[in-house]
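Okay, structure first, notes after.
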Amino acid sequence: MSRTVYLNGDYLPEEVAKISIFDRGFLMADGVYEVTSVLDGKLIDFDGHAARLERSLVELDMGMPMPVEELLAVHRELVKRNGLVEGMIYLQVTRGAPGDRDFVFPDPAEVPQTVVMFTQSRPGLADNPAAKTGLKIISIPDIRWGRRDIKTVQLLYPSMGKMAAKKAGCDDAWMVEDGLVTEGTSNNAYIVKGGRIITRDLSSDILHGITRAAVLRYAREAQMEVEERPFSIEEAQGADEAFITSASTFVLPVVEIDGVAVGGGKPGPVAARLREIYLEESRRSAI
Ligand code: PDD
């Protein structure tokens with residue numbers, strides 16, 4: 001069935017929604033995006049995603065395409081029009097289509113941004129079987145640009161990382177820089193040692209995950225110890241548990257890193273508990 005998507009103020013059948021070949025998102029990856037999950041037809045962590053969108057845009061000398069309340073209304077309208085119960089809303093804002101290719105940014109007063117939003121139905125998102133089996137990951141060098149805190153659409157290297165993992169019979173890849181894990185291809189990375197949750201501290205080296213912020217908040221509220229510092233692949237391999245977080249996976253355990261079993265090769269209790277708390281709290285505060 002054809003989706004109804006949002007493009008620059010219009011709700012259109014997906015086959016009809018088209019953007020220019022001169023769009024800077026297409027030519028230069030000059031755009032940012034957000035992925036907001038939907039459970040029970042409601043948005044999870046919408047405010048966090050909206051705030052990060054604004055930050056990404058401002059860092060790239062762009063402004064919000066519309067007020068946050070309007071953004072929320074479009075998200076909700078897409079959920080409604082598509083009967084979305086469980087899945088995600090993808091949003092992308094680019095610097096627009098100046099009508100030619102030029103490295104210099106166009107004047108925003110002359111070239112409007114391109115704003116695209118669409119739904120992705122994923123029944124069973126909350127009931128992911130990987131929560132019980134765990135993920136196998138490989139490590140790859142992190143050769144991305146230095147502003148990974150901006151959620152840009154430059155996703156070629158993360159895609160290559162996922163393909164390398166797939167080729168190795170694994171599920172995903174963690175990226176490593178200067179001997180330390182930065183993050184997963186599309187998620188934040190964690191280990192657990194002696195009950196303590198360890199994850200890289202926030203900087204321009206990683207994306208400031210909205211799920212990360214919520215999970216760490218819930219962990220602290222549940223009196224779990226949290227340490228924000230980098231760790232190596234070797235430390236992760238010797239940890240009691242490892243896991244990832246993102247808007248599309250919530251919390252998922254990692255049971256193997258570069259062929260070495262973590263925590264006996266079985267998902268651990270901390271990741272399971274955090275997944276449970278996250279889903280419970282997210283459902284409660286969904287809008
Ligand atoms: N990815 N790190 C990277 C590199 C990511 O691409 C993502 C999200 C995260 C987790 O952020 P959040 O918790 O806000 O989803 C961390 C999304 C889900 C994607 O690209 O599909």
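Where a number appears in this text, it was derived from the coordinates with a stated rule and is not lab data. Predicted model only: the values in this text are computed from it and were never measured. Here Cβ is always computed from backbone atoms with ideal geometry, including for glycine, and neighbour counts include all displayed protein chains.
So the values come out like this:
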| item | result |
| --- | --- |
| Residue-span extension gain [Glu59 to Arg196] - 0.36 nm each, minus C-alpha spacing | 46.0 nm |
| Longest site-free stretch - the chain; sites: trypsin sites (Lys or Arg not before Pro), DSSP loop, at most 15 other Cβ within 10 Å | 148-287 |
| Label-zone membership for region 32-50, site Asp127, 7 angstrom Cα→C-beta point, backbone N under 20 Å | 37-44 |
| Neighbour-count ranking [beta-carbon atoms within 10 angstrom, fewest first] of Met64, Met117 | Met64, Met117 |
| Length gained when the stretch Leu180-Met66 is fully extended (0.36 nm per residue, less Cα-Cα span) | 37.2 nm |
| Rg over Rh [alpha-carbon atoms, Kirkwood Rh] for the chain | 0.97 |
| Cα-projected label distance for Leu155 with Ile287, points at 7 Å along beta-carbon direction, nm | 2.5 nm |
| Footprinting exposure proxy for Glu235, Glu69 (fewest neighbouring C-beta atoms within 10 Å first) | Glu69, Glu235 |
| Ranking of Val262, Val79 by count of other Cβ atoms within 10 Å, fewest first | Val79, Val262 |
| Helical contribution to [θ] at 222 nm, DSSP H n ≥ 4, -39,500 (n - 2.57), averaged over the chain, rounded to 500 | -8500 deg cm²/dmol |
| Considering only region 143-232, percent of DSSP beta bridges that pair antiparallel, nearest 5 | 70 percent |
| Of the GluC sites (Glu not before Pro) in region 95-201, those whose Cβ has at most 11 other Cβ within 10 Å and which sit in DSSP loop | Glu110 |
| Extension gain from Ala29 to Ala272, taking 0.36 nm per residue of separation minus the Cα-Cα distance | 83.8 nm |
| Phi to ³J(HN,Hα) by Karplus 6.51 cos²θ - 1.76 cosθ + 1.60 over region 158-172, Hz, x for Gly, Pro | x, 5, 4, x, 5, 5, 5, 5, 4, 4, 8, x, 10, 9, 6 |
| Derived scalar couplings ³J(HN,Hα) [region 92-109; Karplus, 6.51 cos²θ - 1.76 cosθ + 1.60; whole Hz; x for Gly, Pro] | 9, 10, 10, 6, x, 10, x, x, 6, 9, 7, 5, 5, 4, x, 6, x, 6 |
| Helix axis angle, 46-59 relative to the chain longest principal axis, alpha carbon, degrees | 70 degrees |
| Förster radius 45 Å - calculated FRET efficiency between Asp40 and Val104, Cβ distance, rounded to 0.05 | 0.45 |
| Karplus-derived HN-Hα couplings along region 213-224 (A = 6.51, B = -1.76, C = 1.60, θ = phi - 60°), whole Hz, x at Gly and Pro | 4, 5, 5, 5, 5, 5, 4, 5, 5, 8, 6, 7 |
